[in-house]
1. Which of 114, 54, 235 moves the most in a Gaussian network model of the chain with Cα springs under 10 Å?
2. Suppose every Lys and Arg Cβ carries +1 and every Asp and Glu Cβ carries -1, with no other charges. What dipole size does the chain come out with about its Cα centre, to the nearest 20 debye?
3. Quick one: helix 252-261 against the long Cα principal axis of the chain, what's the angle to the nearest 10°, folded into 0 to 90?
4. Counting only residues 5 or more places away or on other chains, whose amide H sits under 5 Å from the amide H of residue 348 once H atoms are built in the peptide plane?
5. Relative to the longest principal axis of the chain, what angle (0 to 90°, nearest 10) does the C-alpha long axis of helix 122-134 take?
6. Per residue of the chain, what 222 nm ellipticity follows from adding -39500 (n - 2.57) for every DSSP H run with n ≥ 4, rounded to the nearest 500?
7. Which entry is the computed percent of Cα pairs over 40 Å apart for this structure: [x] 13; [y] 36; [z] 19?
8. Can you grab the distance from the C-alpha centre of the range 36-106 to the C-alpha centre of the range 327-401, Å, no decimals?
Amino acid sequence: MLIAGQVFHPERASDHLEWGWVRLEGGTITQVGKGPAPAKPDLGDDDHCIFPGFLDAHVHLPQFDSIGVAGLELLDWLEQVIFPAEARWEDPAFASDMAERATASLISFGTTGFAAYGSVHSESVREAFASIAARGVRAWFGPALMDRHAPADLCRDADRQIEALASFEPMGRVQPAVTPRFAVSCTPDLLAKAGALACAKNWPIQTHLAETRAELELIREMFDEQPYTEVYDQFGLLTPRSVLGHGIWLSEAERALLARRMSVVAHCPTANRFLEAGAMDRAGLSSAGVRLALGSDVAGGPDRSMVRVARAMIETARARGDIAPTPAQAFRQITLGNAEALGWAKSGRLAPGCEADLVIIRPTIPLHEHPDPLGALLYAWDDRWIEQVIVAGSIEYDHRR
């Protein structure tokens, strides 16, 4: 497949797109060139832009039908909205169907890879795992581990949860992930077993950290005044393959610990705004040496489009009075930046040998003489511009169909 258009290269320090072309063979990018395509392209032309597939570092698939319930604090929202929604995943067929729907929805917004949470139901998550893999996306996915501070029907014995998770195997481009929901819903025993499993399997870890002040109060009560980040650290849950959602309310000492462990904080600006949790100090975390990613956090975040999430990242920085990322940096974050954070060496950029995950868009605004074409795309973004989304070399979404 040969694709032509204005190409975005996130590894280059440029605010501009580059006229060029990309050739795919199977699921791999084999050639990338500048200027006119060497033959008639299969997709794209002078009016199109070509981006690496967008990546989402923090999302909850069982929550996709719960977008838009506003006005609740996090813990109340979990109890009243999210736990009842996740209880429906007790049915493996329902979970499989919903995972397929959610994955298809993400693809339609240009997302070709994501780090996602399931529910506590290991057999249902196993069925959902297969549904995700069938769509060809690159993903982390695992059951949300919980054994307390949740409805009784969503709490599970720690040993049984770990035993079930340990039996998971990678499938396609989907990798099992050790996913304790957050320390509030996990006993020390479950956290210790989760950390041990992640170490034994060399699997990634994903959880939540310091999202709200009410959550911090609970952590202090439940863990004898121990700082939240140290709770995870003592159980081996802070590693270079750990992605912790939110990280809003962190002390300087906690930031320093995260930097030493090389763990990643997934900034979720649309969710933080929707649940009124606070505004993450992205600049401060970066200055402390903390690695950063960006996530939609559906359904806490109401936006499935990573471009809109990237714009919210800029808006949050401006509202705090910080130096905001540029549009070019925002697009880099949702492509190569998130790929680097998740350790996906062949994702997030358009280069020979990389995985053939691309988004082809046709903007309805003129870019040719715009002083900041990426700024024009970011701020005028219209999801209807997405014409095709290619996942592992196959067209998984086509607006023309």
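Coordinate-derived values only; no laboratory data. The structure displayed is predicted, hence computed values, not measured ones. Backbone-built Cβ (ideal geometry, glycine too); neighbour counts: all protein chains shown.
1. 235
2. Numbers: 37 positive and 53 negative charges, 221 e Å.
Computed about the Cα centre, the dipole is about 1060 debye.
3. Orientation of helix 252-261: about 70 degrees from the principal axis.
4. 53
5. So the helix axis and the longest Cα principal axis differ by about 10 degrees.
6. Values: 15 runs with 134 residues, N = 401.
When only DSSP H runs of four or more count, the value is -9500 deg cm²/dmol.
7. Computed from these coordinates, percent of Cα pairs over 40 Å apart corresponds to label [x].
8. The distance from the Cα centre of the range 36-106 to that of the range 327-401 comes to 17 Å.
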